[in-house]
Each structure stands twice: as structure tokens, then as C-alpha cells.
Amino acid sequence: MKSEYLLLDKVEGPLIALSGVADVAYDEMVEINIGGKKRKGKVIQLYEDKAIVQVFENTTGISIHNASISFTGKPLMIPLSREILGRVFNGTGDPIDDAGDIFAEKTYDVNGRPINPVARLYPRNFIQTGISSIDCLTTLIRGQKLPIFSGSGMPHNELAAQIVRQARLSEDSNEEFAIVFAAMGVKHDDADFFIKNFERSGVLGKVVMYLNLADAPIVERIITPRCALTAAEYLAFELEMQVLVIMTDMTSYCEALREISSSREEVPSRKGYPGYLYSDLASLYERAGMMKGKNGSITQIPILTMPNDDITHPVPDLTGYITEGQIVLKRDLFQKDIYPPVDILSSLSRLMKDGIGEGYTREDHAELSNQIFSAYSHVQDVLALSQVIGEDELSEADKKYMEFGRQFEESFIKQGFDENRSIAETLDLGWKLLSILPKDELNRVSPEILDKYYKG
Amino acid sequence: MEIPTGVISYINGPVIKAKKMSEFKMREMVTVGSKKLIGEIISLEGESATIQVYEETSGIKIGEPVAATGHPLSIKLGPGIIGGIFDGIERPLNKINNISEGFISEGIGLISIDTEKLYDVNLSVSKGDLLCQGEIFGEVNETPLVINKLMVPPEIEGRVIEVVRNGKYNIETPLVKLETSSGEIVDLKASQEWPARIPRPIEKRLATDKPIVTGQRVIDTFFPLAKGGTAAIPGGFGTGKTMMQHQLAKWSDADIIVYIGCGERGNEMTEVLEDFPKLIDPKSNRPLMERTVLIANTSNMPVAAREASIYTGITIAEYYRDMGYHVAIMADSTSRWAEALREISGRLEKMPAEEGYPAYLPSRLAEFYERAGYVSTLGEREGSVSIIGAVSPAGGDFSEPVTENTKRFVGAFWGLDRKLAYSRHYPAINWLSSYSGYVGQLAEWYDENVAEDMMQLRANMLKLLFEENKLQEIVKLVGEDVLPDDQRLILEVSKLIKVGFLQQNAFHKEDSYVPLKKQYLMLKVIDTMYRRGSSAVKLGIPISIIRNEEIYSKVIKIKYNIPNNRLDMFYDILEEINQFYDRLEAQYA
Ligand SMILES: Nc1ncnc2c1ncn2[C@@H]1O[C@H](COP(=O)(O)OP(=O)(O)OP(=O)(O)O)[C@@H](O)[C@H]1O
Ligand SMILES: [Mg+2]
């Protein structure tokens, strides 16, 4: 252990400043000892002999002379081995489940390093989730980062849990799968909900959890997803497992970042969030993917709540700019008692184009989904019109659209929390519903496909 | 001579400060710390310098050295660039991957294009020749699609006093010795270096009166881009900027494509790397990768190198332009570059202007877009650099600083519309808010090379679309049925334009790229539909009859059903339309 420092210059918010330091490295881990209790932090700025340290736990109780600070000489590392499966850690990677320390096979720096684009493998394998709105219209691909954009009170946890339960992550029995769960600022209830669901699906032994719950220190949240993704990288690229990472709630994560930024008096950009929010989020989301020569994969399903259901808020906005699509939940549908309330029009999977169709799902998948998007988007116009002139005044074709819209929401989007539909069932259902519309309205589909699947 | 060395005194992410720096120069490239990270001096004040560091600074300590390299951030230009993929400061990602497998580590040092590989060099000068700057003295076949013309670098002239024999040489071997008028001896090699932030000199600018043909209907027909011109593609997330850039990189008739992935996704670069070597250019029958350069500084790579990537890309583009090529450069996304500027200036505690962006944002944008142009090069060749920049407005709102300022400096504006994207109308370019300032200059080219009435048809279609937009406002209130038939015809024909013409499926083998002649014939068909329909309406024929389902659906599907090499089929369809209306008119006469 290197030298200890006993006198601080300043304690402010999550930051402490001290001077007279030597041989300290940028970004290195710091231990703060207050009467035998240890807290962690890291160096975020160095100026001559002065250091600014960001404390992960809160700074409550720290005064300028009751703490002793020691620099560890390395960035935050976490111990990793197969033993992490089934274990529970706090937001900075310490075990909290009374099962003892992890025997380290490897220790990794939680910051990770950028995957070289030439070392990536472009993801193309379809994951069946059994949820029609996702499988047909926002197809999840192994190695994708596909967030759920939700709003407070909406069933994003249920949806994520259903995906975890139903998703067939590995294609054959030789492949191993694992789930990494990172909770940032979520309530105990929500965390329990997930744990119960993991239990119920019998996967608890395959889950690694990093929990920073609502009452845990806010700054710790900055580290939580990094620990989780570091574990995921180890499982996927070292042990070659198919890893699904659930990170919730990214909005709380971003708020923590904002808090630190404002206590550093940095120049804010939109809504007080720091200008580097995009780069910071990218340093997390870009840790999804597949790599050449490795059999494992990291699929990310981050969950975020949109403040005021506003998709242009910086958190969903910057997330959408980084991830490979998004599944958007809509309050309207939720209030109509439609579960899962997926707004298909604003949802998108960018990787689906290469992972569907013949050889992956079925030949008609792409055209069918295009047609559904186009028809359902017309339904919205008709709906608006019918509110003005009344449904009876609509043209014959538009009445059919209204009918299509209703049934589509009621029987395609809506499904049970335990209902697991195969991709063939989903696609057939799609055709059944499209067949409500006159054949000549379906101009996104080629004649051959239309003849084969249209049932009107 | 001793290398000047300073001492690190401040570290804050990608920005560091150092003391004892009086012997350093502004914009000089330096190595930082004991890991020898690469950095660039961005301000000097007395003894102290501020440095932006192109690699992760984690682990650097106060007191570590900063060493001079004696030159500014320079790009090595020579054979070996085309077909390659580089980071923001032109380090080959393949080489990086050999050094540090899978993940990019710091401290790799300054590496660049291969200096050992031997190329067949053909020299075209002899002893005694007088060579001016920009003159070509030899050739190398860089890829089967690109001949690298070896040029005398700018500001060098002299008489040839020695030439090596044709043969295999690497890019560092002196090939020609020149004696300048002042008696200095200069070696010419197959490579040269150029400071990335300074535009390469040209002889003069020429008019931008030839289009860059992209095969994308909404662009070529409605909002064309000139060779040497500039275009911006703004749009919220998921509206199709990258898809459009990829389509342009694949199909536009430039000789060389420089694709800059600036702060975007890793997988998008991987996709290009996997697809382009397999995609065959229809004109040359060679893989598209043989004319493409990728600069990949993805969102999770260091932000200072992201800032540099734009300059690296444009310098490479200018180098090939100087050989007499038409180069198109795609920058995805210029907003991430602007954010890199913001991030760095923020760490300098500079007073920000709008939304935290530095006050020099507009001038940096202007300088970048000004490097486009159709030019007569040094050595009097014709070449061009066209720039197509994606813009990612925060919240999808075009009134933010990067979009607004970009709009001031580009010639064409292809605005992507979230509503169109939601209904999967792709490409989601809004035909009402987009524009091209090149239409006037390009009209003559279209007259001569496509058809004399091409521009007229274009105007007709745009007019219909504008009218349709007005009519839609009424439809929203009262429904379509109450409109008079001549207006309903406008709605029907507009649907043909939107679905049959403007929507273009990037994943369909016939529709992904459409030659101008077919674009023209498609317009011709739609125009005929409107003209014949209008006369029929005037005769009192009801719209329900005029809007014959079979004919309309045939017209909509022309894009799929008439192959690009069977344009003769258009005569059948025109014939069919005319016959149909002839019959109708006869019935109602
Ligand atoms: N011309 C097109 N044809 C078919 N699909 C398209 C087209 N353009 C866009 N898309 C669809 O839209 C998706 C998103 O497009 P793209 O990735 O280009 O968006 P973007 O504007 O670059 O978003 P971001 O700003 O987040 O990078 C694509 O994955 C594809 O599914
Ligand atoms: Mg994009």
C-alpha cells in the first residue's frame, strides 16, 4: 500500500479534494478509511499536487480531517471466475450475498476497452422471444443492444422478465447462456420482482446480479453497469457463453452522472446533462456484440423510463442514437389494457434486416412486417379523421383499416404474460389480420408472397 | 539534438496540460506520458501548453514527460490507403488488432499505412525533366480499381537528376531525385505527408455542373448533388441517415469513397467491412471495397481522435482528388464531431456559446465544408471532393446549433422526417422541406444526358406534391370523399409518386440502385397518369373509374417489375395506360 493522506482540502457533494499528493495516476482507485470503515472512489482530476476524488458511496460523515485516503495504484478491477454465476454483488462489485469472496480466475478493469471494429462479427442470429410485436416487427438479434423505452408505471419489468424467460438464447445444447442483471436506482420491489422471475424460470444459478438500489449511494451507480458489463465480457469472450444483460434504470444512471457533473461545475448541455453524456453512454452500450473467433455474445436490453413519456428527452434520445433500435412502450395502449403496450411505429430493430427471412425466420417476414407498419401507420391517420368526422363517415376502405387496427392491437400486440408464440404462429397471425384489408391495399408485398399468404 | 520535453501538470480526461513547453509549437503532435500516448497541442500560453490526447489517459501521472515530435498532426498519403480501415488519426485498425487483439489498447504509438509492402512502380519521367508541383512522375496499381498517381508534393519543383528503374519499391524508397532552383536536392517517394488540418492547395475552383449520380430517386431526381458539392442529411435517431450514407457509398458514381464513421456504432463499420468486399460494382465488376477507405472512430473510441477523424478523412479525399479522381466523402455523424469539439472545449473551461458548443463551431463547420469542390488541381487535372454529412440533431429538432449552422454551409439539404420513418416510408427524406441549390447548375447536364423534359417533369411532380400537402390539411378535417374529382386525382397521383417513386427499397435487388434513364421513364409514366387522368376528369368521368386498380397497382410496382436493363418494357406500360384512357374517353364521349 502506498502512502496515506490524512488531510482533505474540501468535501463537496460526491467529491473530495486533497493536496500534497504525489505519484497518483488519473482514474486510479482510491480507498477512503473512516474509523475503520472503507469507501471507494476514483481520481477524476489531477492538477500539480492536487487531486479530485469522486467517492462512490456518499460523502456523508467525511470531514476534512477524519478520513485517511490511500491510492491503490490501479483502476477499479473486479475478480472474475465461473463462480460469479448465481451470485449477488453491490454496485461496485463487492459480494453482498454472504457467500464469501470470489476466487479470482482473472481480474478485469471495469472500464473495459473499445472493441476494435475489425474484431467484431456482425450479428445475424434471430432470438425468438415468443412476443409477437418483438419477433415480427422489432426482431431481437443475438449480440444486439435493444433498449426498452418506458414510462413510469408501465410494465417494462414484466416485458423484460418475459423476454428473459422465453428468449431462446442458445441454439443448441452445447451452448451455455447466462444473464447479467444490473440494477441502478431501482426500488427493492422491482429488484425482487426480477429475482422471483429468475427463480421461477429456473435460471437463478445462471444469473449474476449487480445491485445499486434506490437507497444505495447515487454515485455508485456510475460503476454498476461497468461491473456488470465487465462480467458479461468475461462470460461471453472468455467462457464463450451467450449472455443477456438487463440494465435498469438507465435514467437513474444518467441522473447520477448529471449530479456529479454539476458538482464539478461543468458546462452543461441539454437539461443540465453533461456534454459527454453521449460518449459515456456509448462506452456502455458499445460493449454489446459478437467478436470474431469467439463463440460467445453479449445481448443488451437496457431499460429506461422517459421522463414525462418524452422520447426527445436527452436520455432516450442519446440512447436511441447509440443502440441498435428501441422497443417503445406507449401509455395509450397501456391504458387500453394492452400488454405489452409496444408502440410498433416508434419501435425499431436495426439488425433485423440481416437476421430475418429465408434461412433465419421465414421468407415472408420482411414484407409482412413492412406491410403491417404501413397499414398500422395509416390506421393512425384514419383514427384521427374518424375523431373529426365520425367513424360512420369514413370510406369503406378506411372502415376496414379501423377494424384492422382494433384487432391488431387486441390480438397481435396484446398477449399474455406467459404466452409464448412461435415465430410461425406470429407470422400467420399477422397475415390473418392483414387479410381484413382489401388485397389491393397491400402494396408493400410482392404478388408471389401475397398470393401465397393472403387469406381474404 | 535533444528532443524538447515538458512535464505534465494537469489531467482531466482527454485534456492535459504541461509545463516547460516553450520550445513546442502550436498544433504540434506530441507523445504524452511514459505510455507515449499520442496528443496534439491545442493551445500554448507562456511556458504551459494544453494538449488533447488521442488515447485513453487512464493511468497517466503528474510529472510524466511530454515529448515533441517536431511536426503537426500529419497524414501519410500513399498507396495502401484504399481498401483499408483506419482510426481517427490514420492508424490501421488491422495492425492495431495484431498488436492488441480484439480490444484497442493505448500506447500503440504512431503507426500508419504499410511502409514495407512492395509495389510495382512505373515511372514516367527521365533525367533532365523539369517537374512542377502536383505533376505526375509515375504510377502504382493500388487496387484493381485505383491507379495511384505519384505526384510531386505541393510547393516542390525542380529538375530530375536521378530516376530509379521501374520495379518493386516500398513507399519510403526515394524514386526520383530533384534539384530545385536553389540547388537543394529533394527525394520523391511513392508517399508524402500532409498536415490534416490544412487544405491541400489547388490551382483553381471550377463550376459544379455535373451531378454525382447516386441511383437514389429522391436524390437524383428531386434534390441532386453536384460533383464537388456538399449535402447534409439531418434526422433523429433511426430515421435512416446511415442507411442513406451506405447506399451512397455503394452506388454513387464517384471514383473513390471515403467513409468516416465518426462517433457512431462499431457494428456499422463491421457491416461495411463484411459487405463491401462482396458487393460488386456494376460498372467495373470489381468489389466495391477496392475503391473505398474507411475511417472508423466509433462512439466508444477516444473523443479527441473522433475530432481528428474528419480532417484525416478529408485530407485523404483531397489527395485522391489531386490525382484527378472524383471523391465522395461521407461523414457519419458530423454532430458527434461537433460534440467532440464541445467536450474538449468544455474541459478547457472556455465560455460556451449555444448549448455548450464552443463559439468557433460555425467557423469549423464552414472550414470543413469549404474543402469540398470541383477543381483544377496542381498539375491541371480535374477532380472533385463532394461531402455528404449526416447530422444528428438532439431530440430530432432541426433548430439546434449543429443543424442550423450546417444548413448555412451546404448546398443540398436532405431532411429526414420521423413521421415518414415511423410509417416506414424509406428513404424518409421529406420532399417539402428538403432542397438542392444545385438544380439550376445541373439542368443543362440533365437536358443533355437524360432527357430534355426531365427537369420539367421534376417540376410537375413537385408541384403535385405541394398541392397534395395542402389538400391533406382539408382531408384531415372532412375526409377525402367530399373533395372534387380533380383534387382527388391529385391525391391519387401523389400516392403514386410517394409509394411508386419516392419510396425506394434499399434491400431489393432491382430497387436498390436505379439508373437515371429509368427514373426518367418512371416520371414519364406518372406524368402520363396525371395528364390522362385530368382530361378524363374534365370529361366528367368519375374518379372511381379513372383510378383503375389494375393500372394503378401496375404503376406502383414498376420499380420492382421492370428490371433496370429492360427499359423497353416502359413502352408497353405507357401503351397500356394510353389505351386504357382512350377506351374510357371513347366510352364517355
Ligand atoms: N432506405 C431504406 N430502406 C429500407 N430500410 C431503411 C432505409 N433507411 C432506413 N431504413 C431502416 O431504418 C433503420 C435505421 O436506419 P439508420 O440506421 O440509417 O438510421 P440513422 O438515421 O443512421 O440513426 P442513428 O442516428 O441512430 O444512427 C435501418 O436499420 C432500416 O431498418
Ligand atoms: Mg446512423
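Annotations for the structure displayed:
- Tallying residues that are charged (D, E, K, R) and in a helix (DSSP H, G or I) within the stretch A:413-450 yields 7.
- The C-beta contact set for the stretch B:387-398 (first residue without any contact (Cβ under 8 Å) to a residue 24 or more places away in the chain and more than 12 Å from ligand 1 (Cβ to nearest atom), second residue outside any helix (DSSP H, G or I) and open to solvent by 30 Å² or more (accessible area, probe 1.4 Å), distance under 9 angstrom, 6+ apart or interchain) comprises B:397/A:312.
- Of all residues in the stretch A:289-298, those satisfying the criterion of being among the small types (Gly, Ala, Ser) and at the interface with another protein chain (Cβ under 9 Å from one of its Cβ atoms) are A:289, A:293.
- Meets criteria (open to solvent by 20 Å² or more (accessible area, probe 1.4 Å), touching a strand residue (DSSP E or B) at 6+ places or on another chain (Cβ under 8 Å), farther than 30 Å from residue A:307 by Cα and not assigned by TED's automatic domain parsing to the domain that holds residue A:252) for residue A:86: no
- Residues satisfying the stated conditions in the stretch B:239-260, i.e. touching a Lys or Arg at 6+ places or on another chain (Cβ under 9 Å) and of a type in the set (Gly, Ala, Ser): B:254
- Hits in the stretch A:278-302 (condition: of a type in the set (A, V, I, L, M, F, W, C) and crowded, with 24+ Cβ neighbours inside 10 Å): A:281, A:282, A:284, A:288, A:290, A:298, A:301
- Taken over the stretch B:514-526, the residue count meeting the criterion of being surrounded by fewer than 21 Cβ atoms within 10 Å (Cβ to Cβ) and not in a helix (DSSP H, G or I) is 1.
- Selected residue (criterion: farthest from residue A:436 (Cα to Cα)) from residues of the stretch A:395-411 that are within 12 Å of chain B (Cβ to nearest Cβ) and surrounded by fewer than 20 Cβ atoms within 10 Å (Cβ to Cβ): A:395
- Flag if residue A:112 is within 14 Å of chain B (Cβ to nearest Cβ) and at positive phi: yes
- Residue in the stretch A:284-301 that is under 20 Å from residue A:190 (Cα atoms), in contact (Cβ under 8 Å) with a residue 60 or more places away in the chain and more than 15 Å from the chain's Cα centre (by Cα) present: no
- Scanning the stretch B:257-274 for residues that are open to solvent by 10 Å² or more (accessible area, probe 1.4 Å), away from ligand 1 (no atom under 14 Å from the Cβ) and either more than 11 Å from residue A:119 (Cα to Cα) or of a type in the set (Asp, Glu) (or both) returns a single hit, B:274.
- Test: residue B:550 is exposed (fewer than 13 other Cβ atoms within 10 Å of the Cβ), in contact with a helix residue (DSSP H, G or I) (Cβ under 9 Å, 6 or more places away or on another chain) and not small (Gly, Ala, Ser): yes
- Yes/no for residue A:414 being surrounded by fewer than 21 Cβ atoms within 10 Å (Cβ to Cβ) and either assigned by TED's automatic domain parsing to the domain that holds residue A:129 or under 22 Å from residue B:550 (Cα atoms) (or both): no
- Strands (runs of 3 or more DSSP E) completely within the stretch B:81-170 that count 1 or more residues being over 28 Å from the mean Cα position of the chain (by Cα): B:119-123, B:136-143, B:158-163, B:167-169
- Residues in the stretch B:56-99 that are at the interface with chain A (Cβ under 10 Å from one of its Cβ atoms), within 28 Å of residue B:6 (Cα to Cα) and polar (S, T, N, Q): B:57, B:58.
- The stretch B:438-500 holds helices (runs of 4 or more DSSP H) entirely within its bounds, and those carrying 2 or more residues that are loosely packed, with under 13 Cβ neighbours inside 10 Å, away from chain A (no Cβ under 14 Å) and more than 27 Å from the chain's Cα centre (by Cα) map to B:454-478.
- The condition of being touching a helix residue (DSSP H, G or I) at 6+ places or on another chain (Cβ under 8 Å), under 30 Å from residue A:13 (Cα atoms) and surrounded by fewer than 24 Cβ atoms within 10 Å (Cβ to Cβ) does not hold for residue A:255.
- Any hit, the stretch B:256-267, residues being more than 8 Å from chain A (Cβ to nearest Cβ), out of contact with any Pro (no Cβ under 7 Å at 6 or more places or on another chain), within 11 Å of ligand 2 (Cβ to nearest atom) and not in a strand (DSSP E or B): yes
- Selection within the stretch A:354-394 - surrounded by fewer than 17 Cβ atoms within 10 Å (Cβ to Cβ) and either facing chain B (nearest Cβ under 10 Å) or within 16 Å of ligand 2 (Cβ to nearest atom) (or both): A:380, A:381, A:384, A:388, A:389, A:390, A:393
Yes or no, residue by residue, for (1) part of a loop (DSSP other than H, G, I, E, B); (2) in contact with a helix residue (DSSP H, G or I) (Cβ under 7 Å, 6 or more places away or on another chain); (3) more than 12 Å from ligand 2 (Cβ to nearest atom):
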position	(1), (2), (3)
B:249	no, no, yes
B:253	yes, no, yes
B:271	no, no, no
B:274	no, no, yes
B:278	yes, no, yes
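- Test set (1) more than 30 Å from residue A:226 (Cα to Cα); (2) within 16 Å of ligand 1 (Cβ to nearest atom); (3) more than 18 Å from the chain's Cα centre (by Cα) - residue B:220 fails condition number: (3)
- Which listed residue, of A:317, A:310, A:332, A:337, is away from ligand 1 (no atom under 12 Å from the Cβ), farther than 21 Å from residue A:125 by Cα and within 11 Å of chain B (Cβ to nearest Cβ): A:310
- Selection within the stretch A:44-65 - within 19 Å of residue A:218 (Cβ to Cβ) and within 14 Å of chain B (Cβ to nearest Cβ): A:44, A:52, A:53, A:54
The values are calculated or read from the model by the stated rules, or taken from the named source; none is laboratory data. The structure presented is a predicted model; accordingly, all values stated were derived computationally and were not measured. Note that we place each Cβ from the backbone using ideal geometry, even for glycine, and neighbour counts take in every protein chain shown. The protein model used for the area step is the full one, side chains on, heavy atoms only, and it has no ligands, DNA or RNA in it. Shrake-Rupley method; radii C 1.70, N 1.55, O 1.52, S 1.80 Å.
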